[in-house]
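Participant: Before I ask anything, let me first share the structure, which is written out below as structure tokens.
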Amino acid sequence: MSKPLLTISSKNYSSWSLRGWLICRMAGLDFEEKQLSSDDPDTRAELLLLSPSFLVPCLTHGSIKVWDTLAIAEYLYEVIPHCGLLPKDISARTHCRAISGEMHSGFANLRSALPMNLKADYPNFKIWAGAQADIDRVVAIWRECLKKYDGPYLFGDKPTLADAMYAPVCTRFLTYHVKLDRICADYCDTIFNLPDMLEWVESAKAEPEAVEELEAEF
């Protein structure tokens with residue numbers, strides 16, 4: 001069987017690509033990556049949240065193709081059951097799935113108002129009420145998990161699916177200077193210091209392409 005292939009889009013803008021890529025790395029999957037150009041109409045629509053369905057990241061593993069982030073995680077958990085993507089304890093594992101699913105299907109205001117852009121910096125960004133409600137919910141999830149499972153990651157001493165799902169939120173909080181308490185700020189630092197995260201950010205900042213609609217002055 002050929003090496004698995006993960007298709008992604010922009011490393012600077014695509015939060016879903018980051019999630020899928022981190023999931024594959026956390027699972028210990030040896031894979032190749034293929035990056036689509038942001039000039040592609042479908043890719044551009046996806047980055048601008050105008051696409052009805054997200055087609056990247058997409059994992060191709062032999063004859064199997066999986067193009068949904070949570071589906072990729074569940075597939076890898078099946079084929080590499082001891083990869084650590086989900087906690088061993090059934091209660092924690094269920095909790096992990098629940099908050100990962102909440103990120104997967106919710107937080108629309110946060111996504112649209114604070115798009116991921118690792119090369120940008122907006123120190124005076126004004127957060128409107130709808131986005132603030134999403135931020136408050138994310139912070140509540142983080143506080144609960146970090147207190148319950150003793151950190152430094154959401155479910156203990158090793159990163160899991162949940163950390164991959166919330167990693168792009170950490171980048172948004174940095175880009176738009178969202179004020180956080182110490183426990184949440186420390187969690188963001190922990191995510192940013194993951195070797196895989198450092199590698200992704202370095203690649204993102206080296207990308208030559210820009211999506212003008214996501215580079216508007218705020």
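Participant: Could you identify the single residue in GLY130, GLY106, GLY62, GLY101 that is in the same structural domain as LEU22 (by TED's automatic domain parsing) and either over 24 Å from PHE173 (Cα atoms) or small (Gly, Ala, Ser) (or both)?
Facilitator: GLY62
Participant: Then there's this: For SER91, work out the one condition from (1) among the small types (Gly, Ala, Ser); (2) in contact with a helix residue (DSSP H, G or I) (Cβ under 9 Å, 6 or more places away or on another chain); (3) exposed (fewer than 13 other Cβ atoms within 10 Å of the Cβ) it doesn't fulfil.
Facilitator: SER91 satisfies all of (1) among the small types (Gly, Ala, Ser); (2) in contact with a helix residue (DSSP H, G or I) (Cβ under 9 Å, 6 or more places away or on another chain); (3) exposed (fewer than 13 other Cβ atoms within 10 Å of the Cβ) except (2).
Participant: Is it fair to say LYS34 is part of a strand (DSSP E or B) and modelled with pLDDT under 95? Full working, then the answer.
Facilitator: On the way: part of a strand (DSSP E or B): yes; modelled with pLDDT under 95: yes.
When the stated conditions are applied, LYS34 passes them.
Participant: Please enumerate the residues belonging to the range 75-84 that are farther than 16 Å from THR7 by Cβ, assigned to a helix (DSSP H, G or I) and in contact with a helix residue (DSSP H, G or I) (Cβ under 9 Å, 6 or more places away or on another chain). Before you say what the answer is, go through the steps one by one.
Facilitator: At the first step, the residues of the range 75-84 found to be farther than 16 Å from THR7 by Cβ are 77-84.
Filter once more, so that each one left must be assigned to a helix (DSSP H, G or I): 77-79.
The answer is TYR77, and nothing else.
Participant: What do you reckon, is SER91 more than 16 Å from the chain's Cα centre (by Cα) and either at pLDDT 95 or above or not in a helix (DSSP H, G or I) (or both)?
Facilitator: yes
Participant: Check off (1) modelled with pLDDT of 70 or more; (2) out of contact with any Phe, Trp or Tyr (no Cβ under 6 Å at 6 or more places or on another chain); (3) in a loop (DSSP other than H, G, I, E, B) for LEU55 and give me the number that stays unchecked.
Facilitator: (2)
Participant: With the requirement that a residue be among the acidic types (Asp, Glu) and more than 20 Å from HIS177 (Cα to Cα), what does the range 89-147 give you? Spell out how you get there, then give the answer.
Facilitator: At the first step, the residues of the range 89-147 found to be among the acidic types (Asp, Glu) are 89, 102, 121, 134, 136, 144.
Scanning the range 89-147 gives ASP89, GLU102, GLU144.
Participant: For CYS83, indicate whether it is over 16 Å from the mean Cα position of the chain (by Cα) and in contact (Cβ under 8 Å) with a residue 12 or more places away in the chain.
Facilitator: For CYS83, the condition - over 16 Å from the mean Cα position of the chain (by Cα) and in contact (Cβ under 8 Å) with a residue 12 or more places away in the chain - is met.
The values are calculated or read from the model by the stated rules, or taken from the named source; none is laboratory data. What you are looking at is a predicted structure, and each value in this text was computed from that prediction instead of being measured. Positions of Cβ are backbone-derived with ideal geometry, glycine not excepted, and every protein chain shown enters the neighbour counts.
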